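Have a look at the structure below before the remarks.
The values are calculated or read from the model by the stated rules, or taken from the named source; none is laboratory data. What you see is a predicted model; the values in this text were computed from it and never measured. Heads up, the Cβs are rebuilt from the backbone with ideal geometry, glycines too, and the neighbour counts pull from every protein chain shown.
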Amino acid sequence: MSMLIALTVGVLFATGVFCLLRRCLMRLIIGLVLLGNAANLLVFSAGGLTTGVPAVIPSGETVAPAGAADPLPQALVLTAIVIGFGLIVFSITLIHRARAASGNDDVDAFIETDQL
Amino acid sequence: MSDALLLFLPLIIPAAAAVIGLFLRSQCGLQAIIGVLGSAGMLIAGLLLVARADAVGVIATQSGMWEAPFGISLVADRLAAAMVSVGGLVAFAGAIYAWRDLADGKLGPYFVPLMQFLMMGVQGSFLTGDLFNMYVWFEVMLVASFVLLTLGNKRQQLEGALKYVILNILASSLFLIGAGLIYAKLGTLNMADVAVRLAHPEQADLVRTSGVLLLAAFGLKAGLFPLFFWLPSSYHTPRPVISAIFAGLLTKVGVYALMRTTTLTFAAKAPVLLELIYVISLLTMVSGVLGAAAHFDMRRILSFHIVSQIGYIILGLAMMTPIAIAGAIFYTLHHIVLKTNLFFVSGVVNYMRGTNDLARLGGLVKATPWISVIFFVSAFSLAGIPPLSGFWAKLAIVLAGLDLKAWGAVAVALGTGVLTLFSMTKIWAEVFWKEAPEDANTTDKRTGLWPMLVPCVLFMCITIGLGIWGGYVFAYAERAAEQLLNPREYIEAVLGAGALTTDVPGAGRVHP
Amino acid sequence: MKTKSLLFAQMPRVALPLILVLAAVTFYRGHHVPGGGFIGGLVGALAFILVALGQGTEVARKVMRVEPISLLWLGVGIALFSLILGFIGGDGGFHGLWLDEFMVPLIGKVHLGTPMLFDLGVFLTVMGFATKVGFGLQEDNL
């Protein structure tokens, strides 16, 4: 299980970076989404990967059952996903606008603000 | 007033102002008043915080009354308190400065609420004692800044925002990974608790990895050497008031986060990070100032200077001696005021002449001597001419370098100072001194200029005041540096006395 | 942009009240079991976005009656108010205050408190944000 998650995170990072390095604006956003998901998955797996044991303290007990995953990273990831949702919505709108303004989908068309 | 309320006020005030501002979105006059009142409230809360933190040392509260390290702590030591009040000051000046644009309808109905949300994010990042909470505050600040950057919807703004947005989202992912790795290794995200657990030697393995990840994340936001390209390509595109507040505050949030995490957690366990920061700081200074020398637009030159000045601050941090840290803190406070003012002046020039291009400006000394004086004072303070505040800031950094016999750093710092002077003289000569070119627009638009001039004059007085009576502020900065270098006080304020069983090694001295 | 499918044009108006009830239930159960303000808000926003997709945003705005931005500031305001209430109850900020449980016919035990109020703020904020974005992207006017 750990190996599978590790591989997934690695593949997501690799594809994310690959997409970021493309020249097409839409791929840039896809790359960001993939990278964000890779980061979320990484943090999620930091809490421990177990099956069958809910990360909830049963009534009457004071500690979680043995082998339960740590719920905090899951809560953190939830927050990060919500934030990522907002950011991605904004960036999709932004590239939509930028494309409409320049009529071009190529990143190389956006060099005006860097020129002397 | 209880400590808890004092710590929450800088967050509650902008949130309330933003809500009221959204409610009043059809009445721009009332909105402008709400903006000024909210920022003034933040400034007053910040000053109260400074007074309290200076008297007591470190004040902390736990939100929701969940004990640290399980709840989220809000902490203010002397550095955080000073940053909160300077943040309030910049927001206050910006709110007055924005009056003209709001009245002309150039900023739209969402400027005031967005600015207050931005300030909430900034103040939250200064006050939080929890790494993940800091990530959340960073995002609050970022989302607000994204929208502010694109308020005018012009092609250039969209282009600048594209670079800004993509790189900053990338940095946020790195921040998240760094924080996640710390949690995976140490089981805590409370920064004081992280420091305590790192005192055990077997915990140190992963620190370097997450330290580098956080350095990249904060470094991108602060505008450090290989990661600063978004800054000069986006900061010159929005309305002047927006770029002034961005220039003053946003990069300093990254710097503050670097100062906090390195001194509290990483410096003792991963000294290699400090050496990395040291090299980066030198490269940052040089590349920023060379970029500025190449450009011919007021705001672009000033944007590159942000990068180069951040280099000085980070150099102070990398040297890690009491005087170097105090110098870095003083430099940060002075630079926030100064850089905001320089962007304010460029906005005034833009308002009068309709351009910021050096080639198409000229003759402002004769036309408007007052504005020339304001620019002259700020520009030469930036370059480090005595007796203005920039001189003392640079002096502290250079003295710290001489103490450590870091001759290379001293040489780079002084050389950068000369080049800064060169590009400031360039602006001075082209915009103010030379005769206006014949085809240029010389009919100055002066009606309704006063709300833009009030904050400029205020900040000019602060710059001069920091130069002449800077001793008081520097003494405060020294006390703040002492707190940073001995984290025991911070840790005990957050976790309660007796939290430290072993001695925290503190930030070690590094000889580059 | 309107759809040509008759089914899709008419269905959202019928489904609207059902989806809104679903949103309310999702929101209410959120404090102890899966659900909550964020998800409830998204579900609620979806009801209106479906109408917008079926019959255009003008109809959707008319059906919604309130402007999305008004929902947004109302939500943030309620959330902020619930946080400030915490100061009155205890010495720490952002402290949760609860009323005693009481019985309501048909619903059962009801337990109200400031965290619930905060969640209501989240619900309205998310609903306002999602409808604003959903309508805006359709009208190409953000």
Does region B:16-30 hold any residues that are in contact (Cβ under 8 Å) with a residue 12 or more places away in the chain and within 9 Å of residue C:77 (Cβ to Cβ), and which are they?
B:16, B:19, B:20, B:22
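So is residue B:426 over 22 Å from the mean Cα position of the chain (by Cα) and outside any loop (DSSP other than H, G, I, E, B) or not? Outline the logic, then answer.
Values: over 22 Å from the mean Cα position of the chain (by Cα): yes; outside any loop (DSSP other than H, G, I, E, B): yes.
Yes.
I need the helices (runs of 4 or more DSSP H) fully contained in region C:41-142, keeping only those with at least 1 residues that are within 14 Å of another protein chain (Cβ to nearest Cβ) and within 30 Å of residue B:10 (Cα to Cα).
Working: elements: C:57-64, C:68-89, C:114-139.
Answer list for region C:41-142: C:68-89, C:114-139.
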Considering residues that are over 19 Å from residue B:12 (Cβ atoms) and either in contact with an Asp or Glu (Cβ under 7 Å, 6 or more places away or on another chain) or assigned to a loop (DSSP other than H, G, I, E, B) (or both), the number found within region B:89-131 is 7
Residue check, residue B:155 against (1) at pLDDT 90 or above; (2) within 10 Å of chain A (Cβ to nearest Cβ), all met but one. Which one?
(1)
Which numbered condition trips up residue B:54, out of (1) farther than 27 Å from residue B:490 by Cα; (2) part of a helix (DSSP H, G or I)?
(1)
Conditions (1) surrounded by 16 or more Cβ atoms within 10 Å (Cβ to Cβ); (2) touching a residue at least 40 places away in the same chain (Cβ under 8 Å); number of the one not met by residue A:51:
(1)
Consider residue B:118 carefully, then state whether it is within 16 Å of the chain's Cα centre (by Cα), at the interface with chain A (Cβ under 8 Å from one of its Cβ atoms) and either more than 21 Å from residue A:31 (Cβ to Cβ) or modelled with pLDDT under 95 (or both).
no
Sort through B:39, B:63 and tell me the only one that's polar (S, T, N, Q), modelled with pLDDT of 90 or more and crowded, with 18+ Cβ neighbours inside 10 Å.
B:39
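Applying the selection to region A:74-86, what residues are surrounded by fewer than 22 Cβ atoms within 10 Å (Cβ to Cβ) and without any contact (Cβ under 8 Å) to a residue 40 or more places away in the chain? Spell out the reasoning first.
Looking only at region A:74-86, we keep the residues that are surrounded by fewer than 22 Cβ atoms within 10 Å (Cβ to Cβ), and these are A:74-75, A:78-79, A:81-83, A:85-86.
Residues satisfying the conditions are A:74, A:75, A:78, A:79, A:82, A:83, A:85, A:86.
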Please go through (1) surrounded by fewer than 21 Cβ atoms within 10 Å (Cβ to Cβ); (2) modelled with pLDDT under 90 for residue B:216 and return the number of the only condition it doesn't satisfy.
(2)
Restricting the first residue to region B:331-355 and requiring it to be part of a loop (DSSP other than H, G, I, E, B), which pairs with a second residue that is aliphatic (A, V, I, L, M) meet a Cβ separation below 7 Å and a spacing of at least six or different chains?
B:355/B:361
In region B:57-89, residues that are on the phi > 0 side of the Ramachandran plot and within 14 Å of chain C (Cβ to nearest Cβ) total 2
I'm checking my understanding of the structure. Among residues of region A:54-63 that are under 18 Å from residue C:33 (Cα atoms) and modelled with pLDDT of 75 or more, which one is surrounded by the fewest Cβ atoms within 10 Å (Cβ to Cβ)?
A:59
Where residue B:383 falls short, out of the listed (1) at pLDDT 90 or above; (2) in contact with a Gly (Cβ under 8 Å, 6 or more places away or on another chain):
(1)
For region B:182-197, give me each residue that is among the aliphatic types (A, V, I, L, M) and more than 7 Å from every other protein chain (Cβ to nearest Cβ).
B:182, B:186, B:189, B:191, B:192, B:194, B:195, B:196
Only one residue in C:51, C:126, C:133 is within 26 Å of residue A:56 (Cβ to Cβ) and surrounded by 14 or more Cβ atoms within 10 Å (Cβ to Cβ). Which one?
C:126
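For region B:1-51, enumerate the residues that are polar (S, T, N, Q) and assigned to a helix (DSSP H, G or I).
B:31, B:39
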Got at least one residue in region B:193-205 being under 30 Å from residue B:494 (Cα atoms), surrounded by fewer than 24 Cβ atoms within 10 Å (Cβ to Cβ), within 25 Å of the chain's Cα centre (by Cα) and small (Gly, Ala, Ser)?
no
Answer yes if at least one residue in region A:18-32 is closer than 30 Å to residue B:153 by Cβ, over 17 Å from the mean Cα position of the chain (by Cα) and either surrounded by 15 or more Cβ atoms within 10 Å (Cβ to Cβ) or within 7 Å of chain B (Cβ to nearest Cβ) (or both), and no otherwise.
yes
Looking at B:266, B:225, which one is under 30 Å from residue B:490 (Cα atoms) and either away from chain A (no Cβ under 14 Å) or among the small types (Gly, Ala, Ser) (or both)?
B:266
